[in-house]
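Below is one structure, written out as structure tokens; the observations come after it.
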Number of protein chains: 2
Amino acid sequence: MRLSKKKRQSQLIESFQKNPFLTDEEVARQCDVSIQTIRLDRMELGIPEMRERLKHMAERSFDEVRSLSPEEVIGEVVSLELDHSGVSVLEISADHVFERNQIARGHYLFAQANSLAVAIVNADLVLTRSAAIRFVRPVTLGEKCVAHAKVVQKQPSRFQVDVETKVLDDMVFQGVFDVYRATN
Amino acid sequence: MRLSKKKRQSQLIESFQKNPFLTDEEVARQCDVSIQTIRLDRMELGIPEMRERLKHMAERSFDEVRSLSPEEVIGEVVSLELDHSGVSVLEISADHVFERNQIARGHYLFAQANSLAVAIVNADLVLTRSAAIRFVRPVTLGEKCVAHAKVVQKQPSRFQVDVETKVLDDMVFQGVFDVYRATN
DNA sequence: CCACATTCTAGTACCTAGTCCTAAATTAGT
DNA sequence: ACTAATTTAGGACTAGGTACTAGAATGTGG
């Protein structure tokens, strides 16, 4: 006997999770059943065909790249007054948290604040020289982090930008960034 | 006249870059040429068919998830003495840099240092309370960043971890992290 | 042991988004 | 006007499927 239907199906779920690139033919051979059986299983389990699986993976990763790369800012900038102030919003998704406890990894909050501090300065090449930051309280999955940045010191090529990130009215992160206009 | 072959082809490259999900049929309509022309173009330019493109994207994102998630550390930890010291290596790839100037975005260096500082502490739930960091010099595409972390102060649930990141013998990043064991 | 249900297998027609190939038609350059 | 480059058309074939029908094998209850 080859395995009951239920066992096969739960094994199937695992297989596709571990390796989404498997074709029906390959798993059929693995389970020693016909290709049609695998297809019926996929129907019942609501698992899409390989091409669709890959497409969804590609979509997800593409969306990430797109939201990161064009503006090169983490979080969505909702208002920006160059050389003065700005606000960005980052909703903590599953990608941002530790699996075990659903707490956001610090560097995402840092990245949000840092890229906002850099975006605020009106120049082609802006880099961070130094920063002092505090993670006031842990942020968890689903929370919407709103970062407010403002320039507090302005010199020809050096800026001090203060960033405060809140969830609702709750302060979660504070940072002071020393950024500079670099000569390209 | 519809556009010269060269213009069409360079537009094609851009289109596929902007949206890898396009089928030949769709771009053919966009360029107002036949599907075969697009296929010849793809051949000449060495652009694979859509399904292959998506597959490669899926592969890349799959690999990333696999290499990032298990340890939840950015960079590869090459040595680790719990509660004492550790070293991790991060090679700056195209994903880490600003497109314009090939300079690594600060938060990747921060992420490497931060996750090493957290990994070093022997406890289930470790979070960063605060940090003071300095980006000593910009890091560019292809450079291999080696972060050395050591615990310089140890209290029951609070640690100060100093991190220095170098490219060869060149200091590029310095950070002092205040991390703590949290009660889960 | 029979009957009936569940489960599995086989096979056909069809789909998309292609490849590979041949051949004809069109356009451009000189 | 002639040749060469470019474009288009079409046919045969492919992978990895969907959707559907029908039959075979394997249970399981009575």
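Only the coordinates and a few stated rules stand behind these numbers; no lab work does. Every value quoted in this text rests on a predicted model; they were computed, and no experiment measured them. Cβ: placed from backbone, ideal geometry, glycine included. Neighbour counts: every protein chain shown.
Restricting the trypsin sites (Lys or Arg not before Pro) of the range B:91-184 to loop positions (DSSP other than H, G, I, E, B) with no more than 11 neighbouring Cβ atoms within 10 Å leaves B:R100.
Only helical DSSP H runs with n ≥ 4 go in: add -39500 (n - 2.57) per run for the protein assembly as shown, normalise by residue count and round the 222 nm mean residue ellipticity to 500 deg cm²/dmol.
When only DSSP H runs of four or more count, the value is -11500 deg cm²/dmol.
The modelled label-to-label distance between A:N19 and B:N122, using points 7 Å beyond Cα along the C-beta direction, is 3.8 nm. Take A:S4, push a point 7 Å out from Cα through the beta-carbon direction, and compare it with the same point in every other copy: 7.1 nm, smallest first.
Kirkwood Rh over Cα pairs of the range B:73-181 into Stokes-Einstein at 10 °C, 1.306 mPa s: D in µm²/s? This corresponds to a translational diffusion coefficient of 116 µm²/s. Descending by average beta-carbon neighbour count within 10 Å, the peptides A:106-118, A:34-46 line up as A:106-118, A:34-46, the highest first.
Per-residue shielding of A:97-105, expressed as the average number of other chain Cβ atoms within 10 Å of the residue Cβ, stands at 4.
Binning all Cα-Cα separations of the protein assembly as shown at 20 Å, short to long from zero, yields these whole-percent fractions: 25, 48, 26, 2. Taken residue by residue and averaged, Cβ atoms of other chains lying within 10 Å of the Cβ of A:50-62 number 6.
Partners of B:K6 within straight-line reach, counting lysines whose Cα lies under 20 Å from its Cα and excluding those fewer than 8 residues away in the same chain: B:K18. Radius of gyration over Kirkwood radius for chain B, both on Cα atoms: the Rg/Rh ratio is 1.19. In nanometers and ordered shortest first, the copy-to-copy spacing of the B:D169 label point, defined 7 Å from Cα toward Cβ, is 5.7.
Only lysines eight or more places from A:K144 in sequence, or on another chain, were considered; those with a Cα closer than 27 Å are A:K166. Mean partner shielding of peptide A:132-141, defined as the number of other chain Cβ atoms within 10 Å of each residue Cβ, is 4. Comparing Cα centroids, the range B:126-153 and the range A:125-158 end up 17 angstrom apart.
Between identical copies, the spacing of A:L40 label points, each set 7 Å from Cα toward the C-beta atom, reads 5.0 nm from nearest to farthest.
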